[in-house]
């Protein structure tokens, strides 16, 4: 008997064709395909490179493809990424699980436990060999002493599950780059998945926790196109990690004007000025926090008055410390402040533009 397709599942749930097509358009936006030609480099149809509407293509895919089986491992983790996923807005976790994927195994969400859960995982790996997506949450120790599950090491469990996976999604900084467990002196020898598994496609959805829409959008891309999206040099999807947090930060105008909060309770902080001097790592952190935000676009740390900690970057726990004050950056803010003090605003504007262009050519700060 043929497996039920995504559209058949939705139709049985009472979703009309009209609403289905609307959902496809929304899914395209979540995946970063709507009006975003750069993703065409990942092997998508040529019309998308010309800015074509991806919704019909997505509709055709969902009308013919079965739901994606998912096996979710939790290793050295805090379950924070699983927790974050329950707050995904578009699509919601309920929509994802009921209509787009089948979670065959998840230690936290599964109703079964112990031997029953292990038997379900083994059966799923056998039934869907070569077809399932393996999701890994948490870092992997390499000595067999830490994070043993049912008498087996995390490393052994990972390699067994990876062998039959079509693709692997490492969700969260721990799974991607080692995260907190890898912090100096790294007593467990923690590593990220892509440092261990070399013969399977691995995508890193880094963050602490990972932005849920970045995870669901990447999973949706695999469901529809049968392949992972275009990745950066750290194996992160460019759709969500192609810009720094600073690039789209709502406090960036204050950065450009050279206006910085010096303490968390000074006038600058109350006025919403840039948090760079308070240790914000937005200029060197690649993630979609400032665009997608959290809780259905409600807010993100910088908007709430907290500097970016750089949690989507490798070794962020050891990367210079948190809340360490930084001197005002050279370049744009320095030029702006000096010019304002000299009372030559118009000249400063022209000089700033020239400096920006020169800085970009030199590969300077984003």
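Could you count how many residues in the range 66-94 are at pLDDT below 70 and either outside the structural domain of residue 123 (by TED's automatic domain parsing) or not in a loop (DSSP other than H, G, I, E, B) (or both)? I'd like the intermediate steps shown before the answer.
Of all residues in the range 66-94, those at pLDDT below 70 come to 66, 90-94.
Okay, now just the ones that are also either outside the structural domain of residue 123 (by TED's automatic domain parsing) or not in a loop (DSSP other than H, G, I, E, B) (or both), so 66, 92-94.
Matching residues across the range 66-94 total 4.
State yes or no: is residue 305 under 20 Å from the mean Cα position of the chain (by Cα) and either closer than 25 Å to residue 89 by Cβ or part of a helix (DSSP H, G or I) (or both)?
Numbers: under 20 Å from the mean Cα position of the chain (by Cα): no; either closer than 25 Å to residue 89 by Cβ or part of a helix (DSSP H, G or I) (or both): yes.
So residue 305 does not fit the description; no.
Is it the case that some residue within the range 142-162 is within 23 Å of the chain's Cα centre (by Cα), assigned to a loop (DSSP other than H, G, I, E, B) and in contact (Cβ under 8 Å) with a residue 24 or more places away in the chain?
no
Which members of the range 212-238 meet the condition of being surrounded by fewer than 18 Cβ atoms within 10 Å (Cβ to Cβ) and under 13 Å from residue 168 (Cα atoms)?
226, 227
Just checking, how many residues over the range 100-118 are assigned to a helix (DSSP H, G or I) and either surrounded by fewer than 18 Cβ atoms within 10 Å (Cβ to Cβ) or modelled with pLDDT of 80 or more (or both)?
Looking only at that region, the number is 5.
Report whether or not residue 263 is without any contact (Cβ under 8 Å) to a residue 24 or more places away in the chain and surrounded by fewer than 24 Cβ atoms within 10 Å (Cβ to Cβ). Spell out the reasoning first.
Working: without any contact (Cβ under 8 Å) to a residue 24 or more places away in the chain: yes; surrounded by fewer than 24 Cβ atoms within 10 Å (Cβ to Cβ): yes.
Considered against the rule, which asks whether it is without any contact (Cβ under 8 Å) to a residue 24 or more places away in the chain and surrounded by fewer than 24 Cβ atoms within 10 Å (Cβ to Cβ), residue 263 comes out as yes.
Being within 24 Å of residue 127 (Cα to Cα) and touching a residue at least 12 places away in the same chain (Cβ under 8 Å) is the filter here; which residues of the range 172-198 pass it?
Let us first name the residues in the range 172-198 that are within 24 Å of residue 127 (Cα to Cα), namely 193, 197-198.
Of everything in the range 172-198, those that are within 24 Å of residue 127 (Cα to Cα) and touching a residue at least 12 places away in the same chain (Cβ under 8 Å) turn out to be 193, 197.
Looking at the range 274-296, which of its residues are closer than 18 Å to residue 252 by Cβ and in a loop (DSSP other than H, G, I, E, B)?
If we filter the range 274-296 for residues that are closer than 18 Å to residue 252 by Cβ, which is where we start, we get 274-293.
Of everything in the range 274-296, those that are closer than 18 Å to residue 252 by Cβ and in a loop (DSSP other than H, G, I, E, B) turn out to be 275, 279, 280, 281, 285, 287, 288, 293.
Kindly provide the set of residues from the range 237-260 that are under 20 Å from residue 300 (Cα atoms) and assigned to a loop (DSSP other than H, G, I, E, B), ordered by number.
Those that are under 20 Å from residue 300 (Cα atoms) and assigned to a loop (DSSP other than H, G, I, E, B): 242, 243, 245, 249, 250, 251.
So which residues in the range 198-207 are out of contact with any strand residue (DSSP E or B) (no Cβ under 6 Å at 6 or more places or on another chain) and surrounded by 22 or more Cβ atoms within 10 Å (Cβ to Cβ), if there are any at all?
Result: 206, 207.
Within the set of pairs 6+ apart or on separate chains, which have a first residue in the range 218-235 that is within 16 Å of residue 194 (Cα to Cα) and outside the structural domain of residue 70 (by TED's automatic domain parsing), a second that is modelled with pLDDT under 85 and surrounded by fewer than 21 Cβ atoms within 10 Å (Cβ to Cβ), and C-beta atoms under 6 Å apart?
none
The values are calculated or read from the model by the stated rules, or taken from the named source; none is laboratory data. Only a predicted model underlies this, so the values are computations on that prediction, with no experimental measurement involved. Cβ: placed from backbone, ideal geometry, glycine included. Neighbour counts: every protein chain shown.
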